[in-house]
Amino acid sequence: MAYNRAAWDREVENSNEWTKPAGPEVIARARAGDWSVVLIGYEAVPRAWFPDEMAGAEVLCLASGGGQQGPVLAAAGADVTVLDNSPRQLDRDREVATREGLAVRTVLGDMRDLSVFPDASFDVVFNPVSNVFCPDLAPVWRESFRVLRPGGILMAGFLNPDIFIFDVAAMDERGELVVRHKLPFSSLDLPESERQRSYGTGPIEYSHTLSGQIGGQLAAGFTLTHFDEAPHHADATAQYMPGYFATRAIKP
């Protein structure tokens, strides 16, 4: 947690695309009812996945700092709380909120521990691709279930674990798909010198399994209602397979 907190703070300094906050024109459109947010890659989440009425909906943007999804949903009328492990990512949300006069609550914390929130606090938990940086998923799903109200919605985006079988350097440097790793995989499995070469100073990643991703949501008590997939926007697997999956589930 501490390593990835510092790593994401560095990603902000390095202008990672997921740390660039929404601009004034995006917020203006959202206020006018023309809004969208992404859960996987560059794919806009279908509006039908959200509550019919966003005004007053209590939304937890879980591990979703960066000034992108949270401020847009707030401009669309939701009461938004953003929880993230990176102080600098939360700064991005506060930056947009201050600039646009939006009420966005920010909370520094671990996505596995939502004890700061009472039971049944939210109508929506919105979790874009971020559990790849979390070593264990079961507490994420249990806590998401606990803080949602009955009928509440969990939207989660996550990586296809199969992309982790490939050698990262071969993909990034030559666009080649070289099968190398067994699953489940973590970048911590690599020797330090190789991890630095392949991942640089970026966060530690964990592949997880579909049993942990989808089965974990079901085990926590959720009912799955929708499923989607998209190619990874930034590597050579996009020609051959989906790199991202997204789920929508409800708390009965």
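The values are calculated or read from the model by the stated rules, or taken from the named source; none is laboratory data. Keep in mind the model is a prediction, meaning the values are calculated, not measured. Backbone-built Cβ (ideal geometry, glycine too); neighbour counts: all protein chains shown. Please note that ligands, DNA and RNA were not included when accessible areas were found on the heavy atoms of the full protein model with its side chains. Shrake-Rupley method; radii C 1.70, N 1.55, O 1.52, S 1.80 Å.
When residues in the range 216-252 are screened for being assigned to a strand (DSSP E or B), open to solvent by 40 Å² or more (accessible area, probe 1.4 Å) and aliphatic (A, V, I, L, M), 2 of them pass. Would you call Tyr199 free of Cβ contacts under 8 Å to residues at least 40 places away in the same chain and of a type in the set (Phe, Trp, Tyr)? Criteria met by Tyr199. Scanning the range 126-151 for residues that are among the hydrophobic types (A, V, I, L, M, F, W, C) and touching a strand residue (DSSP E or B) at 6+ places or on another chain (Cβ under 6 Å) returns Phe126, Val129, Val132, Val147, Leu148. Within the range 180-214, can you find the residues that are at pLDDT 95 or above, out of contact with any Phe, Trp or Tyr (no Cβ under 6 Å at 6 or more places or on another chain) and among the aromatic types (Phe, Trp, Tyr)? Tyr206 - this is the single residue of the range 180-214 that is at pLDDT 95 or above, out of contact with any Phe, Trp or Tyr (no Cβ under 6 Å at 6 or more places or on another chain) and among the aromatic types (Phe, Trp, Tyr). Here Ser36 meets each of (1) out of contact with any Cys (no Cβ under 9 Å at 6 or more places or on another chain); (2) among the polar types (S, T, N, Q); (3) under 25 Å from Asp119 (Cα atoms) with one exception, condition (3).
Listed by first and then second residue, the pairs linking a residue in the range 1-17 that is free of Cβ contacts under 8 Å to residues at least 60 places away in the same chain and more than 17 Å from Gly67 (Cβ to Cβ) to a residue that is among the hydroxyl-bearing types (Ser, Thr, Tyr) and open to solvent by less than 80 Å² (accessible area, probe 1.4 Å), with Cβ atoms under 9 Å apart and 6 or more places separating them unless they lie on different chains, are Ala6/Ser86; Ala6/Thr201. Would you confirm whether or not the range 201-219 contains a residue that is of a type in the set (Gly, Ala, Ser) and more than 18 Å from Leu137 (Cα to Cα)? Yes, because at least one residue in the range 201-219 is of a type in the set (Gly, Ala, Ser) and more than 18 Å from Leu137 (Cα to Cα). A search for C-beta distances below 9 Å between a residue of the range 236-248 that is within 30 Å of Pro51 (Cβ to Cβ) and in contact (Cβ under 8 Å) with a residue 12 or more places away in the chain and any residue that is aromatic (Phe, Trp, Tyr) and buried (at least 21 other Cβ atoms within 10 Å of the Cβ), counting only pairs 6+ apart in sequence or on different chains, returns Tyr244/Phe158; Phe245/Phe158; Ala246/Phe158; Thr247/Phe158; Thr247/Phe222. Residue check: Arg99 meets all listed conditions (1) assigned to a loop (DSSP other than H, G, I, E, B); (2) open to solvent by 50 Å² or more (accessible area, probe 1.4 Å); (3) in contact (Cβ under 8 Å) with a residue 60 or more places away in the chain but one, namely (1).
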